[in-house]
Amino acid sequence: MAEDILLEERRGAVLLLTLNRPDRLNAVDAELSDHLERALLRARNPEVRAVVLTGAGRAFSAGLDLASVRDAYEPGPPPLGNWVRHDFNPIVRALVRLERPVIAAVGGVAAGAGMGIALACDYRVVAPEARFVLAFPGVGVGVDSGVSFFLPRLVGLGRAWELVLSGRAVDGEEAVAMGLAQELSPPGGALERALVLAERVAQGPSVAYGLIKRAFLHAAASDLEASLDLEAEMQDLAARSFDHAEGVRAFLAKRPPQFRGR
């Protein structure tokens, strides 16, 4: 069935989303893009306090499904820009605008736009067998899906260029060492570790996490003064949350806080 291309599973306050086209290395076509964007919009549900995104089989995602658009190459130049605008940019925006921590579990190939989707997540748990590949120059195109924004900020401009010019794959261990990912799992264990982390995160101050995510994104593209102003605004919002009041009460009482995500 069509809906099976994206699996959604609730585990308490954690939403697990699995790209489920393993025969196509979870390459993204228009249909999968639509399903994923809608699922991320539904994840704004206050009962969801953390999201894990992964891929079925031996890949996270191979990016654009070129086989699904083969016919568009016959008459002339393909509408690459439109594919990016309609099928990939909405996913990236939904990931970064979702005020919940989003953890990518990468246990295999994350190539091209698939790499961009992984980088748009807030935290990446990778298995040693993970492979990050820019892939774009290999088919004679520029980068998309947020790669130009995220990659230099994560690894530095020099390292980003090295990955472009070499075209090489980066395995899980190196990805953590260079800052492309945050945590290395045992072999085959990326999803298990990501779920354990998400369950812990889901017990935390969800309102604060959302405000911090908003501030980080803003600061990445603004100056210090604008960031200082936004931080103050975010604290005004946090001050009205139950979690802030509970955090202060718990601190003063010297007990663990019991956050409710509101």
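The values are calculated or read from the model by the stated rules, or taken from the named source; none is laboratory data. Here the structure is a predicted model, which means the values were calculated and not measured. Every residue, glycine among them, receives a Cβ derived from its backbone with ideal geometry; neighbour counts consider all protein chains shown.
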> Got a sec? Which of VAL48, VAL106, VAL96 is under 22 Å from PRO186 (Cβ atoms), of a type in the set (A, V, I, L, M, F, W, C) and under 17 Å from the mean Cα position of the chain (by Cα)?
Replying inline: VAL106
>> Residue pairs, Cβ under 6 Å, 6 or more apart or interchain, first in the range 93-107 and closer than 22 Å to GLY172 by Cα and in a loop (DSSP other than H, G, I, E, B), second at pLDDT 95 or above and of a type in the set (Asp, Glu). List them.
In response: PRO101/ASP122
>> If PHE149 meets every condition in (1) modelled with pLDDT under 95; (2) surrounded by fewer than 17 Cβ atoms within 10 Å (Cβ to Cβ) apart from one, which number is that one?
In response: (2)
> Could you say which residue among ALA219, ALA190, ALA215, ALA194 is touching a Ser or Thr at 6+ places or on another chain (Cβ under 9 Å), surrounded by 16 or more Cβ atoms within 10 Å (Cβ to Cβ) and not assigned by TED's automatic domain parsing to the domain that holds GLU99?
Replying inline: ALA215
>> Take ALA67 and tell me if it is closer than 30 Å to PRO186 by Cα and among the small types (Gly, Ala, Ser).
In response: no
> Before we move on, is GLU129 under 23 Å from VAL207 (Cα atoms) and either among the charged types (D, E, K, R) or outside the structural domain of GLU162 (by TED's automatic domain parsing) (or both)?
Replying inline: no
>> Taking the criterion of being surrounded by fewer than 24 Cβ atoms within 10 Å (Cβ to Cβ) and touching a Ser or Thr at 6+ places or on another chain (Cβ under 9 Å), would at least one residue in the range 59-76 satisfy it?
In response: no
> Of all helices (runs of 4 or more DSSP H) completely enclosed by the range 172-262, which ones contain at least 1 residues that are under 24 Å from ALA105 (Cβ atoms) and without any contact (Cβ under 8 Å) to a residue 12 or more places away in the chain?
Replying inline: 172-178, 190-201, 206-219
> How about the range 155-171: which of its residues are surrounded by fewer than 16 Cβ atoms within 10 Å (Cβ to Cβ) and either among the polar types (S, T, N, Q) or assigned to a helix (DSSP H, G or I) (or both)?
Replying inline: LEU157, GLY158, TRP161, GLU162, VAL164, LEU165, SER166
>> Anything in the range 1-57 that is part of a helix (DSSP H, G or I), surrounded by 15 or more Cβ atoms within 10 Å (Cβ to Cβ) and not hydroxyl-bearing (Ser, Thr, Tyr)? List them, or say none.
In response: ILE5, ARG24, GLU31, LEU32, ASP34, HIS35, LEU36, GLU37, ALA39, LEU40
> Is it the case that some residue within the range 80-91 is surrounded by 21 or more Cβ atoms within 10 Å (Cβ to Cβ) and under 30 Å from SER241 (Cβ atoms)?
Replying inline: yes
